[in-house]
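Data block below; observations after.
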Amino acid sequence: MKKVRRAPDFILFIIILLLLTVGIVMVYSASFVFAEVNYDDGAHFLKNQLVWALLGIAGMIFVMNINYKVYKKWATPLLVLTVILLLLLFVPGVNVKDATRWIAIGSFRFQPSEITKLTLVIFLAKYLSENQERIKELVRGLGVPLLVMGGICLLILAQPDLGTAVTIAGTAFLMMLAAGARIGHLCGLGLLGCGLAVLAIIVEPYRMERIMAFTDPWADPLDTGFQTIQALLAVGSGRLFGAGLGQGRQKFLYLPEQHTDFIFAVIAEELGFIGSIFVLLLFLAFMWRGLRIAIKAPDTFGGLLAAGITIMVVLQALINIGVVTGSLPITGITLPFISYGGSSLTLNLLVIGILLNISRYVKE
């Protein structure tokens, strides 16, 4: 029987628009002082974010009308392409300022790792849905996903970008769990992954400094602990209702990365506990709608793809908020739909387009 295509999930669509609206307003509020000092235009970042948001929404609506099953056919080629982009980062002259995270094409630049998160989710959804009968076997069932995930994480760690590697690994593990992998296998692999993460921290002095700053930021308040302390000051001073939109003080060049990685601190300071909880509830509502779509998807591929997209976004949000509140070490992960960033915002909206398309085929 031919499946009927319905209207996309309206509640999910509204949730994304609300997150996007909060993001645009807070990017302007958080970046105004920095933009005025560095660009002589307080609306510099707001203008850029609005352009990317409009492009992202247009892309989301376009992708929303493309049958998600198309991605199954292109899963492997897309993953190979993004791995090539990751390798290009290590070619002298290709990366931006030898940062090995960004590729520049004229004035446009992007992070291949952001695209890799999506292509890996698509590949895992395809592989796991096609190998359901072997998924409980460690080598024959999980061997390929683990090798692919491990190789990509190593490339991202070499950039270096531990935060994105952790996000990718966490998303992959939860997708394998959703596909039916044995919990015992995943727990053992998780312990191995934690050991490798500890090793990655030990071999890089700056990561070790971040861990020490996380355990006691006041031990070095003017250097390694500076960001965490300023973020905690912003969060704590917001109290219940906040200082008021635009009235925060930490954005006056005290809090670094105030419109990107630490924008949630500005939200907490200006909108208080109420505003912070509102943002958290929006992400919780997003998780609810995303997992609902995954459960009701018409096939295993669609279900795993929806679950992977939902996990990827929510996990990134949890890590970012954990860093800002001092619950996790600093990782450099942005807050989806809210933090400033053109390529990241556009890609996240395109990803939501895929999720909305899957919602058009959900079972009654």
(message) With the requirement that a residue be open to solvent by 60 Å² or more (accessible area, probe 1.4 Å), in a helix (DSSP H, G or I) and either touching a residue at least 60 places away in the same chain (Cβ under 8 Å) or within 23 Å of Lys251 (Cβ to Cβ) (or both), what does region 208-225 give you?
(response) Arg210, Phe214, Trp218
(request) Take Glu257 and decide whether it is under 19 Å from the mean Cα position of the chain (by Cα) and either free of Cβ contacts under 8 Å to residues at least 40 places away in the same chain or more than 22 Å from Ser31 (Cα to Cα) (or both). (result) yes
(request) Could you tell me whether region 296-311 includes any residue that is without any contact (Cβ under 8 Å) to a residue 40 or more places away in the chain and open to solvent by 20 Å² or more (accessible area, probe 1.4 Å)? (result) no
(request) Report, by residue number, each residue of region 226-246 that is touching a helix residue (DSSP H, G or I) at 6+ places or on another chain (Cβ under 7 Å) and not in a loop (DSSP other than H, G, I, E, B). (result) Thr228, Ile229, Ala231, Ala234, Val235, Ser237, Gly238
(request) Could you please let me know if Val324 is open to solvent by less than 10 Å² (accessible area, probe 1.4 Å), modelled with pLDDT under 95 and either within 26 Å of Leu162 (Cα to Cα) or not basic (Lys, Arg) (or both)? (result) yes
(request) Mind listing whichever residues of region 226-284 are of a type in the set (Val, Ile, Thr) and either modelled with pLDDT of 90 or more or under 18 Å from Gly42 (Cα atoms) (or both)? (result) Val235, Thr260, Ile263, Val266, Ile267, Ile274, Ile277, Val279
(message) Just the residues that are in a loop (DSSP other than H, G, I, E, B) and open to solvent by less than 10 Å² (accessible area, probe 1.4 Å), please, taken from region 340-364.
(response) none
(request) Return yes when Ile277 is within 18 Å of Gly163 (Cα to Cα) and out of contact with any His (no Cβ under 9 Å at 6 or more places or on another chain) and no when it is not. (result) no
(request) Provide a single number: the residues in region 21-64 that are closer than 19 Å to Phe264 by Cβ, open to solvent by 10 Å² or more (accessible area, probe 1.4 Å) and of a type outside the set (S, T, N, Q). (result) 9
(request) Provide a single number: the residues in region 228-246 that are hydroxyl-bearing (Ser, Thr, Tyr) and surrounded by 19 or more Cβ atoms within 10 Å (Cβ to Cβ). (result) 1
(message) Name the residue that is farthest from Trp288 (Cα to Cα), counting only residues in region 3-12 that are open to solvent by less than 70 Å² (accessible area, probe 1.4 Å) and either over 18 Å from the mean Cα position of the chain (by Cα) or among the hydroxyl-bearing types (Ser, Thr, Tyr) (or both).
(response) Pro8
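If we scan region 276-293, do we find a residue that is touching a Gly at 6+ places or on another chain (Cβ under 9 Å) and open to solvent by 30 Å² or more (accessible area, probe 1.4 Å)?
No, region 276-293 contains no residue that is touching a Gly at 6+ places or on another chain (Cβ under 9 Å) and open to solvent by 30 Å² or more (accessible area, probe 1.4 Å).
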(request) Within region 327-346, track down each residue that is under 11 Å from the mean Cα position of the chain (by Cα) and within 17 Å of Glu209 (Cα to Cα). (result) Gly332
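What do you reckon, is Arg249 among the basic types (Lys, Arg), surrounded by fewer than 22 Cβ atoms within 10 Å (Cβ to Cβ) and in a helix (DSSP H, G or I)?
The answer is no for Arg249.
The values are calculated or read from the model by the stated rules, or taken from the named source; none is laboratory data. Since this is a predicted model, take the numbers as computed values, not measurements. In this analysis, Cβ positions are derived from the backbone assuming ideal geometry, glycine residues included, and neighbour counts consider all displayed protein chains. With ligands, DNA and RNA removed, areas are computed over all heavy atoms of the protein, side chains included. Shrake-Rupley method; radii C 1.70, N 1.55, O 1.52, S 1.80 Å.
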